[in-house]
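Heads up, the thing below is written out as structure tokens.
Each reported figure results from applying straightforward, stated rules to the coordinates on display, with no laboratory input. These numbers were taken from a predicted model, which means no experiment stands behind them. Here the Cβ positions follow ideal geometry from the backbone for every residue, glycine too, while neighbour counts run over all protein chains shown.
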There are 2 protein chains.
Amino acid sequence: VAASLINGEPQGQVTIADRSFQYGDGVFETLRVVAGRPTLWPLHLQRLQAGCDFLNIPLNVPILERELAGLLASNPANGIAKIIVSRGAGGRGYRPPEVAEPLRVLQFFPWTPEPASPPADGIEACICAHPLSQNPVLTRYKHLCRLDQVIASRELPKQFPEGIMLTDDGLVIEGTRSNIFLVTHNRLVTPSLHRAGVQGVMREYLLDRFREEGCEVDQQDITIANLLGASELFFCNSVFGVWPVRELTHSGGRVGYGMGDMTHQAIRYAQEAYREDT
Amino acid sequence: VAASLINGEPQGQVTIADRSFQYGDGVFETLRVVAGRPTLWPLHLQRLQAGCDFLNIPLNVPILERELAGLLASNPANGIAKIIVSRGAGGRGYRPPEVAEPLRVLQFFPWTPEPASPPADGIEACICAHPLSQNPVLTRYKHLCRLDQVIASRELPKQFPEGIMLTDDGLVIEGTRSNIFLVTHNRLVTPSLHRAGVQGVMREYLLDRFREEGCEVDQQDITIANLLGASELFFCNSVFGVWPVRELTHSGGRVGYGMGDMTHQAIRYAQEAYREDT
């Protein structure tokens, strides 16, 4: 059971009039907490703030940070913190009220490694049938409308810890809860998110780290052929870090991937994110 | 203030763990209540059931109908009823729990005609800048992920009771809370929803009524040029019925529309939906 705060109060209920319940009118972040510290906090906060600005939901950052610190201080040192900023209650229609009282909802979940912690030589993955919605305006924000991810996660057979999602016209975009990178012709690339997907915090962090080390990662349109022809493939998100893929099941069969320098480097970067206050 | 029932109990709060609050993992219907009766109920129920089947959320229809009848019996005779079926609480991730207890959330809002009831000769409308997300799999369901509609409604200047939404590549799809029909070259057409949009109940009802009278309505891709070149244009939804458009403001200026036989016929059909138990 999670511990939770709503606008600083230990509470776990919201009114059904809340617009996140009615319409998905809010944004969220999910962060890994290590030794009581929210990792990659500056990147999470940046995306949260961008989403609130875009939706015109006021966000009091000092209060949020104080509430988060309080939650982390009174819970186990390692876990997952989830922050939802909802526009709040108001209106029967889609149009938000002129003034709403936003909710800052914080939850803490003690760390439980995935039931089957992924093997060091990589996971098995598959390609999901459910297509990702396309909207170029929304990919920079972690908004609450996540039905695509729910549907894709439902269809994912249990033996696959993660699956790859495409647009309905066949562009390879991301995992159900992660972004992807692949090595093709000795170059590290990641799908461009100009049409669909979510700009993940771990993706941003890895792009920055590789760039700092002189390795510019290409963001480009990735086809299924690119995916199947790649030599390395990994998923990343801010909770599990980097998961190399050993084998991908697709309609035509299976394809295997190796773990080369790029994947090992990404794993090291993720470990550093969890070690230091980055 | 709305009256509400959650799984039959007079309640107005849900846990923050509810998946509709966390992910938009549910479906809804908004119905007009006339003389204590939910109008167009068979069509609403059909779409609600289709959405629940698609998401694999069990729906007990006899219990829902009994709860709805109870809510309507204890409230004013005319108003709006909203039904949300949420998957319920469970899980920290996108994947739904194996077994969840779904919520049937019913709300009743007494009838209040829009602040500025639309003039009989039609409304002024505009074209919204925010694009509709595209996902061909989702247009048949009224799911809870409605951020596109929220964003478009926010940008709609107050003098426009409704606005038209496009895909980012310029296809004309629908209003922010309604579908559209237009008359072009003396034929009644409505945008095909094979890529984006919501199959509205009033749209389905009008398609059926026109078809019964021997007027087959074309569902096709509509461009902005088609829209600006049309002779008649109207919005429809199951709460307000049919709203003819008198004038459309767009980036290039304004275009006017007439009210011909097709629009008058649609208005009559909508009135009949509110008169009889259809």
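Please give the charge dipole size of region A:61-152, origin at the Cα centre, charges +1 on K and R Cβ atoms and -1 on D and E Cβ atoms. Round to the nearest 20 debye.
Values: 9 positive and 8 negative charges, 96 e Å.
My answer is approximately 460 debye.
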List the residues whose amide H sits under 5 Å from the amide H of A:His250, counting only those 5 or more places along or on another chain, with H placed 1.01 Å from N in the peptide plane. A:Val255
Over the Cα atoms, compute the radius of gyration (one decimal) and Dmax (the largest Cα-Cα distance, rounded to a whole number) for region B:1-131, in Å. 16.8, 53
Work out Dmax and Rg for region A:178-236 from the C-alpha atoms and quote the Rg first, both in angstrom. 10.9, 30
Considering every residue in A:146-158, what mean count of other chain Cβ atoms within 10 Å of its Cβ is obtained? 6
What's the angle, to the nearest 10 degrees (0 to 90), between helix B:261-275's Cα axis and the longest principal axis of chain B? 20
Once both axes come from the Cα atoms, what is the angle between helix B:201-212 and the longest principal axis of chain B, in degrees from 0 to 90, rounded to 10? 60
Dmax and Rg, reported as Rg then Dmax, of region A:142-278 (C-alpha, Å): 14.3, 44
Given the options A:Leu233, A:Leu171, A:Trp243, identify the residue whose Cα lies farthest towards the positive end of the charge dipole of region A:143-249 (+1 on Cβ of Lys, Arg; -1 on Cβ of Asp, Glu). A:Trp243
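Could you order the peptides A:255-262, B:133-140 from most to least packed, using the average number of other C-beta atoms within 10 Å per residue?
Working: A:255-262: 16.0, B:133-140: 19.5.
Averaged packing, sorted descending, gives the order B:133-140, A:255-262.
Residues with beta-carbon under 10 Å from that of A:Arg146, excluding A:Arg146: net charge, scoring Lys, Arg +1 and Asp, Glu -1? Display every interim value, and only then the final one.
Details: positive: A:Lys142, A:Arg177, B:Arg19; negative: A:Asp148, B:Asp25.
So the surrounding residues net to +1.
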Restricting to lysines and to Cα separations under 23 Å from B:Lys142, and discarding same-chain partners fewer than 8 apart, the set is A:Lys142, B:Lys82
Using a 7 Å offset from Cα along the direction of the beta-carbon, what are the separations from B:Asp121 to the same position in each other copy, nm, ascending? 7.9
Shortest first, in nm, what separates the label point of B:Ala77 from those of the same position in the other copies (7 Å along Cα→Cβ)? 7.0
With θ set to phi - 60°, apply the Karplus curve 6.51 cos²θ - 1.76 cosθ + 1.60 along region B:134-150 and write out the HN-Hα couplings as whole Hz, x wherever there is a Gly or Pro. 10, 7, x, 6, 9, 6, 7, 10, 9, 7, 7, 7, 10, 5, 4, 5, 5
Part-to-part distance (alpha-carbon centres) for region A:22-41 and region B:197-271, which is given in Å: 44
In whole angstrom, note down how far apart the Cα centers of region A:143-184 and region B:50-124 are. 29
Spin-label point model (7 Å from Cα, Cβ direction): what's the A:Arg187 to A:Glu101 distance in nm? 5.4
Distances from B:Thr15 to the same position in the other copies: list them in nm, one decimal, shortest first, using label points 7 Å from Cα along Cα→Cβ. 2.2
So in chain B, which Cys have no other cysteine's beta-carbon sitting under 4.7 angstrom from theirs? B:Cys52, B:Cys126, B:Cys128, B:Cys215, B:Cys236
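Over the alpha-carbon set of the protein assembly as shown, divide Rg by the Kirkwood Rh and report the Rg/Rh ratio to two decimals. Kindly include the intermediate steps, with their values, before the conclusion.
Details: Rg = 24.4 Å, Rh = 24.8 Å.
We get a ratio of 0.99 for the protein assembly as shown.
Could you sort the peptides A:142-153, B:241-252, B:211-222 by per-residue average Cβ neighbour count (10 Å cutoff), highest mean leading?
Answer by packing, highest mean first, reads A:142-153, B:241-252, B:211-222.
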Degrees between helix A:41-55 axis and first principal axis of chain A (Cα, 0 to 90, nearest 10): 60
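How long are the semi-axes of the equivalent ellipsoid of chain B, defined as square roots of 5 times the Cα gyration tensor eigenvalues? Whole Å, largest first.
Working: eigenvalues 206, 94, 60 Å².
They are 32, 22, 17 Å, listed largest first.
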Within 10 Å of the Cβ of an average residue in A:83-93, the count of other chain Cβ atoms is 2
Give a residue-ordered list of calculated ³J(HN,Hα) values for region A:153-164 (Karplus: 6.51 cos²θ - 1.76 cosθ + 1.60, θ = phi - 60°; whole Hz; x for Gly, Pro). 5, 4, 7, 5, x, 4, 6, 9, x, 7, x, 9
Which parts of region B:108-148 would a label at B:Asp168 reach, counting a residue when its backbone N lies under 13 Å from a point 7 Å out along Cα-to-Cβ? B:130-135
The set of residues whose placed amide H lies less than 5 Å from the amide H of B:Trp111, leaving out same-chain residues fewer than 5 positions away, is B:Asn78, B:Gly79, B:Ile80
